[in-house]
Structure formats: C-alpha cells, structure tokens
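Read through the structure below, which is laid out as structure tokens, and then see the notes.
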Amino acid sequence: MAVNTRKCVGCSDCVVACQTENSVPIGFCRDWIVEVNNGTYPQITTEIRSERCNHCDNAPCVRCCPTGASHIIAGGIVLVKKTECIGCGACIASCPYDARYPHPSGYVDKCTFCEHRIKNGMLPACVEVCPTKCLYFGDLDDPNSDASVVLKKNRYKTLIPEAGTVPQLYFIY
Ligand code: SF4
Ligand code: SF4
Ligand code: SF4
C-alpha cells in the first residue's frame, strides 16, 4: 500500500471505515492518523500519515509468535489466525510500529489489508472511502497496479527502515 501524505487531510474516514468494516472494538484501531511538522518556522510543512500494519517482509511479529498464529500468506500479507493465538503479546512487543492490539476476545488483532475484500476483487475499506484518494493498493510485482504506478512517479519512504523489517507500506512525501 502507498499513502500520499501530500494529499491526506487527516479526516480519519479511513479509520472509521476500518472500524466499521472489521468490527474493531471501541477504544482500539487497526489504522490511525499521525501528523508530523517538518522544517523550522516559518518554513514548516505538515506531513499527515494514515498508518497501519506495514505487512513487513521480514516481520518480527511472525518470527516471535510461539504458536504460528502470526503468519505471512502468499502475496505477502501478514495475518493472525485467531483460533491459534494465545494472546501472549509477544508480537505486540516485537512490532516497532505499535500496529497490533489485544482484542477483548483474547487474541491479537491488526490490519489484514482487508484480505477478505481483496480476494473478492474489492479494495481495502480504507482505500475505498478515502475522499482525497491518497491511498493506493496493489501487487508490487505487477508494474501496472495502482501502488506500483504511483510509486514509480513519486518520492517515497518507509517508516523505521533501520529496524530491518522491510515494510510494505510506502509513504509519498
Ligand atoms: Fe487521509 Fe484519506 Fe484517511 Fe482522510 S481518509 S485521513 S484523507 S488517508
Ligand atoms: Fe508485524 Fe508490526 Fe510489521 Fe505489522 S508492522 S508485519 S505487526 S512487525
Ligand atoms: Fe483496516 Fe483494511 Fe485498511 Fe487494514 S486495509 S487499515 S484492515 S480498512
């Protein structure tokens, strides 16, 4: 997924859509908004980021999971099998992005890239509702996917690359 921080207005529609689509319990979230001011006064710009799980290629949450509940599926999406999760919280502690939360039902939850939607040909809920169309989703192995096309044309970064997790959430800035 690519996020254009220059187009995001911080409206949180993506957050509300995710909570509704995925029945996220009140008080928790799978995605959230971060605002960062860059530069020095009066030359200041504000970067607004819609953040979520980075679906890391080298995911510490998968490596440390003692039951195999946290896993990577074909295509690269990181998921949690809730029937195999014992709620130990090792994955929450290992994630440098604070992307997971303890679901009140006893398992750990996080962004799934709306796998239940994309396997039926739909976009993730957050991508679909964004009023400024600043979220782009697609297969990076396909040069014509929305995410590949927008990343080809823009400068982008990942978050905390020094952690070595190889994130798959890209921020255009
Ligand atoms: Fe930004 Fe789009 Fe989310 Fe609004 S819906 S906060 S514009 S990413
Ligand atoms: Fe795991 Fe965190 Fe990376 Fe998501 S962002 S795959 S929860 S380490
Ligand atoms: Fe939520 Fe789906 Fe967007 Fe992930 S991809 S933040 S699960 S709406």
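The values are calculated or read from the model by the stated rules, or taken from the named source; none is laboratory data. As the structure is a prediction and not an experimental result, all values here were calculated from the model. Quick reminder, even Gly has a Cβ in these numbers, built from the backbone with ideal geometry, and neighbours come from all protein chains shown. With ligands, DNA and RNA removed, areas are computed over all heavy atoms of the protein, side chains included. Shrake-Rupley method; radii C 1.70, N 1.55, O 1.52, S 1.80 Å.
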So, first residue open to solvent by 60 Å² or more (accessible area, probe 1.4 Å) in region 4-21, second residue part of a helix (DSSP H, G or I), Cβ within less than 7 Å, six or more apart or across chains; the pairs are 13/129; 21/125
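Collect the residues in region 151-173 that are more than 22 Å from residue 35 (Cα to Cα) and not in a loop (DSSP other than H, G, I, E, B), keeping them in residue-number order. Step through it out loud before you land on a result.
Initially, region 151-173 is screened for residues more than 22 Å from residue 35 (Cα to Cα), giving 152-153, 164-166.
Across region 151-173, the qualifying residues are 152, 153.
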The residue that is nearest to residue 104 (Cα to Cα), considering only those in region 10-48 that are in contact with a Pro (Cβ under 8 Å, 6 or more places away or on another chain) and in a loop (DSSP other than H, G, I, E, B), is 25
Open item on the list: I'd like to know if region 117-126 contains one or more residues that are among the charged types (D, E, K, R) and in contact with a strand residue (DSSP E or B) (Cβ under 9 Å, 6 or more places away or on another chain).
Closed with: no
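Within region 150-166, is even one residue more than 13 Å from ligand 2 (Cβ to nearest atom), more than 22 Å from residue 6 (Cα to Cα) and at pLDDT 95 or above? Explain how you work it out, then say what you get.
Going residue by residue through region 150-166, those that are more than 13 Å from ligand 2 (Cβ to nearest atom) are 150-157, 162.
If we keep only those that are more than 22 Å from residue 6 (Cα to Cα) as well, we get 162.
So of that shortlist, the ones also at pLDDT 95 or above come out as 162.
Among the residues of region 150-166, at least one is more than 13 Å from ligand 2 (Cβ to nearest atom), more than 22 Å from residue 6 (Cα to Cα) and at pLDDT 95 or above, which makes the answer yes.
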*Of the residues that make up region 34-50, is at least one farther than 16 Å from residue 160 by Cβ, in contact (Cβ under 8 Å) with a residue 24 or more places away in the chain and touching a His at 6+ places or on another chain (Cβ under 8 Å)?*
no
Screening 149, 80, 127, 166 for residues that are hydrophobic (A, V, I, L, M, F, W, C), over 17 Å from residue 18 (Cβ atoms) and either within 12 Å of ligand 3 (Cβ to nearest atom) or in contact (Cβ under 8 Å) with a residue 40 or more places away in the chain (or both) leaves only 166
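With respect to residue 117, is the statement that it is within 15 Å of ligand 2 (Cβ to nearest atom), among the charged types (D, E, K, R) and touching a helix residue (DSSP H, G or I) at 6+ places or on another chain (Cβ under 8 Å) true? Walk me through how you get there before you give the answer.
Details: within 15 Å of ligand 2 (Cβ to nearest atom): no; among the charged types (D, E, K, R): yes; touching a helix residue (DSSP H, G or I) at 6+ places or on another chain (Cβ under 8 Å): yes.
No: the conditions fail for residue 117.
Taking region 113-142 on its own, how many of its residues are in contact with a Lys or Arg (Cβ under 8 Å, 6 or more places away or on another chain) and open to solvent by 20 Å² or more (accessible area, probe 1.4 Å)?
Looking only at that region, the number is 3.
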